[in-house]
1. Check off (1) modelled with pLDDT under 95; (2) at negative phi for Ile203 and give me the number that stays unchecked.
2. Does the range 264-274 include one or more residues that are over 18 Å from Ala146 (Cα atoms), of a type in the set (Gly, Ala, Ser), without any contact (Cβ under 8 Å) to a residue 40 or more places away in the chain and crowded, with 22+ Cβ neighbours inside 10 Å?
3. I'm checking my understanding of the structure. Among residues of the range 138-160 that are in contact with a strand residue (DSSP E or B) (Cβ under 7 Å, 6 or more places away or on another chain) and either aliphatic (A, V, I, L, M) or farther than 28 Å from Ala230 by Cα (or both), which one is surrounded by the fewest Cβ atoms within 10 Å (Cβ to Cβ)?
4. Considering only helices (runs of 4 or more DSSP H) fully contained in the range 129-239, which possess at least 1 residues that are under 30 Å from Tyr75 (Cβ atoms)?
5. Just one of (1) surrounded by fewer than 20 Cβ atoms within 10 Å (Cβ to Cβ); (2) within 27 Å of His47 (Cβ to Cβ); (3) touching a Gly at 6+ places or on another chain (Cβ under 6 Å) trips up Asp165, so point out which.
6. Among all residue pairs at least 6 apart or on different chains, which show Cβ distances below 7 Å where the first residue, located in the range 164-187, is closer than 19 Å to Asn129 by Cα and the second is of a type outside the set (A, V, I, L, M) and in a helix (DSSP H, G or I)?
7. Can you tell me which residue is modelled with the highest pLDDT among those in the range 274-330 that are of a type in the set (Ser, Thr, Tyr) and under 30 Å from Pro241 (Cβ atoms)?
8. Which of the residues spanning the range 38-52 are aliphatic (A, V, I, L, M) and closer than 16 Å to Thr102 by Cα?
Amino acid sequence: MKQHPHSSVAITRQVCALFSLLFLLSSAVLAAPDPNFSDLPAGQIVHVKIFTTMLRPVRSQDYERDIEIYLPAAYVNDKTRAMRFPVAYLLHGSPGSPTDFTDHGRWQLYLEKTAKADDFLPPILVSPNGNYTAAAFGDSEWLNSADGENRFEDFIVTQVVPWVDQHYRTIATAQGRIIGGVSEGGYGAVNIALHAPSVFGNILALSGYYNNDGSGWARKTMGHNKDFIAYNSPLWFINSPAANAKFLSQWQLQHYFIASGLDENRYTTESAEMVDALRAHNISAHLCQVAGKHSWELWNTLFVDGIANLYSPEPPISAADPIQTKSGPQ
């Protein structure tokens, strides 16, 4: 991963820079992804189950959780057997499942094509099941629930990450890890990264929300305790004096790529607000907003731009750079 210089300049809005990627139409237009993947080397999708007591079992004796892992073509190549790879932990939305990123998003293919075009070592992709009932509609918010029965954050940080590091050739450092996601998973990625900056150094959050007041679907998981809700609301937590005293120096080693469509209402507004809050604390953050709504078509475009941002040798654009307006999938 690249090292990012930090800017002390607070910005009100920053629109994503266009990287030299596989689906470049011109220097001023961000095109929809190219669906032609026929020339790509083949990686490997692996499905595993991890035993855990951190999450409420679906049945009385069912303590296993599904995880989908994509091993890039470079990883399974005999020539790279001695190499270690970065890892991207991907959190699905609600409703959602671990297979969303490869089935609906085909992110493994976009990853291979971007890595080939930009000549970087692609990360292993790891997607756990984040539903509290292990069904598609189990809204967990990817956090440790207020009742203590579903500790999803602990599951990711203290069990999934060490398990992956033990079983695969990983770069087992914060800078070797990405945590990312879409919608609820975008929120979860930022929330977990702020709580565990020593574990995750790079964040790729797409169409997330960051002022989580525990309303709606989240109430069952978050309850009514104001301190608990504030702890799990990134726009509140980042301004906590106690959190700053504990984490600020580690936050300033992280890099955040936060993105949304321009037509996503709350997701659009709160993505910009989150980047403002991060930059106000001198934390490296990049905002990418393109035309598009809450969908995989949008997230596929943003994923590729995000991976390029995390791997680009160039620093993020700053407030002094001219704003570039991009068009995305319609």
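1. Against the list (1) modelled with pLDDT under 95; (2) at negative phi, Ile203 comes up short only on (1).
2. No, because not a single residue in the range 264-274 is over 18 Å from Ala146 (Cα atoms), of a type in the set (Gly, Ala, Ser), without any contact (Cβ under 8 Å) to a residue 40 or more places away in the chain and crowded, with 22+ Cβ neighbours inside 10 Å.
3. Result: Val160.
4. Passing ranges, in order: 161-167, 184-195.
5. It fails just one condition, (3).
6. Gly181/Gly188; Val182/Trp299
7. Only one residue tops the list, namely Ser284.
8. Leu40, Ala42, Ile45, Val46, Val48
The values are calculated or read from the model by the stated rules, or taken from the named source; none is laboratory data. The model shown is predicted, which means the values in this text are computed figures rather than measured ones. Neighbour counts run over all protein chains shown; Cβ positions are idealised from the backbone, glycine included.
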